[in-house]
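Please read the structure below before turning to the comments.
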Amino acid sequence: MNFTKKNLEDAVNENILSFEQSEKLIEFLNKQPNTAPKFDFTHVLYYIGGMIAIGAMTLFMNLGWESFGGVGIVFISLFYGSVGLKLTNIFKSKGLAIPAGICGTFVIALTPLAVYGIQHALGVWPDDSVYREYHRYIKWHWLYMELSTLAVGVIIAWKYKYPFLIMPIAVTLWYLTMDIAVMINGGDYSWGLRKLVSMYSGLLMIALAFWVDIRSHNKADYSFWIYLFGVIAFWGGMSLQHSDSELSKFIYFIINLFMIFTGVLIVRKVFVIFGAIG
C-alpha cells in the first residue's frame, strides 16, 4: 500500500502516532532504497540501457560475429557474462534491485550464444545456420541452447530472486515448445503447426504462471513475465486460427470475454488487454 505524508499527518491527528514518531518514520523511509519498478526517468534509463545491451547480444547479432569462430564467441560471451555478474553483485550490495535484475538478465541472455560457440568449437554444429537465426526460425538443434539457458536462468533466478530474471526464462520456454514440436513432427514447421503449438504451450505457461503466483504472491511478482508470454502465445495462436463459421467466431468471442473476467478476478491486466482486443 502506498501512503503519503498527508496520511501520516492524519494518523497524528487521530493520535495513532506522535508527531516525533511520524517525523522519524518519514526520515527512515526516505533512507530506504527504492527497489520497486516505476515509470520515472531513472528506471526508464535502466531498462533502455539494459534492453540495448541484451538486444545487442541477441536480436541484433550479425554475421560479423561468425568471424571470431567458436572459441572466440565463447571467450567474448564469458567475458561479458563475468562483467554482468560483477555488476549484478555490485548493484545488489547497494540495494539497487532494478539494475541488478537487468544485469542478471543480461547474463542469462548470453547463455545461448556461449553454447552456440561451444558447439562450433567442438565441431558438433549440425548445419550451416547461424546464431542470428535463433530468434527468427524454428529448428530442433536450438534445443541445447534453450535447455542451457533454462538451467542458467533457474540458477541465477534462485540466487538473486529478482522478478525481471524470469523474463528470459519465459521467452525460452516459448521457444522450447516450438522446437520440441518440430522435432517430434519430423521437421515440419508449417504455420498450422506453429499456431497450434503456440496456443497450447501458452495455456501451459499460463498454468505455470498461476502456480508460481500462488506460491510467491506474498514475496514478489515472479509470475508476471510468464503470464505475459503465456497470454501472448495462447491468444496469438488462437487468433491466427482459420475460422469460416459463426459458431467458431462466437466461441472466440466467449473465450476473450472469459479472459477479461479472469484478468479482473486474478488482477492481471494482460488478460484484460488481450481479451478486449480479441
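The values are calculated or read from the model by the stated rules, or taken from the named source; none is laboratory data. As the structure is a prediction and not an experimental result, all values here were calculated from the model. Backbone-built Cβ (ideal geometry, glycine too); neighbour counts: all protein chains shown.
Quick notes on this one:
- Selection count where residues are in a helix (DSSP H, G or I) and either of a type outside the set (V, I, T) or under 18 Å from A209 (Cα atoms) (or both), scope the range 222-255: 23
- Boolean, V124 is at pLDDT 90 or above and in contact with a helix residue (DSSP H, G or I) (Cβ under 7 Å, 6 or more places away or on another chain): no
- I73 being in contact with a His (Cβ under 8 Å, 6 or more places away or on another chain), in a helix (DSSP H, G or I), in contact (Cβ under 8 Å) with a residue 24 or more places away in the chain and of a type in the set (A, V, I, L, M): yes
- Matching residues in the range 114-140 - criterion: being β-branched (V, I, T) and assigned to a loop (DSSP other than H, G, I, E, B): V124, V130, I138
- Of the residues contained in the range 199-217, one or more are found to be modelled with pLDDT under 90, closer than 29 Å to K92 by Cα and assigned to a loop (DSSP other than H, G, I, E, B).
For every residue, the table says whether it meets (1) assigned to a loop (DSSP other than H, G, I, E, B); (2) among the β-branched types (V, I, T).
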position	(1), (2)
S148	no, no
G153	no, no
A157	no, no
L176	no, no
A181	no, no
G186	yes, no
V197	no, yes
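- Any hit, the range 76-94, residues being buried (at least 21 other Cβ atoms within 10 Å of the Cβ), touching a residue at least 24 places away in the same chain (Cβ under 8 Å) and among the hydrophobic types (A, V, I, L, M, F, W, C): no
- Looking across the range 221-243, the residues that are hydroxyl-bearing (S, T, Y) and within 29 Å of I98 (Cα to Cα) come down to Y222, S223, Y227.
- Those residues of the range 244-261 which are within 25 Å of M178 (Cβ to Cβ), touching a helix residue (DSSP H, G or I) at 6+ places or on another chain (Cβ under 6 Å) and surrounded by fewer than 20 Cβ atoms within 10 Å (Cβ to Cβ), in sequence order: N256
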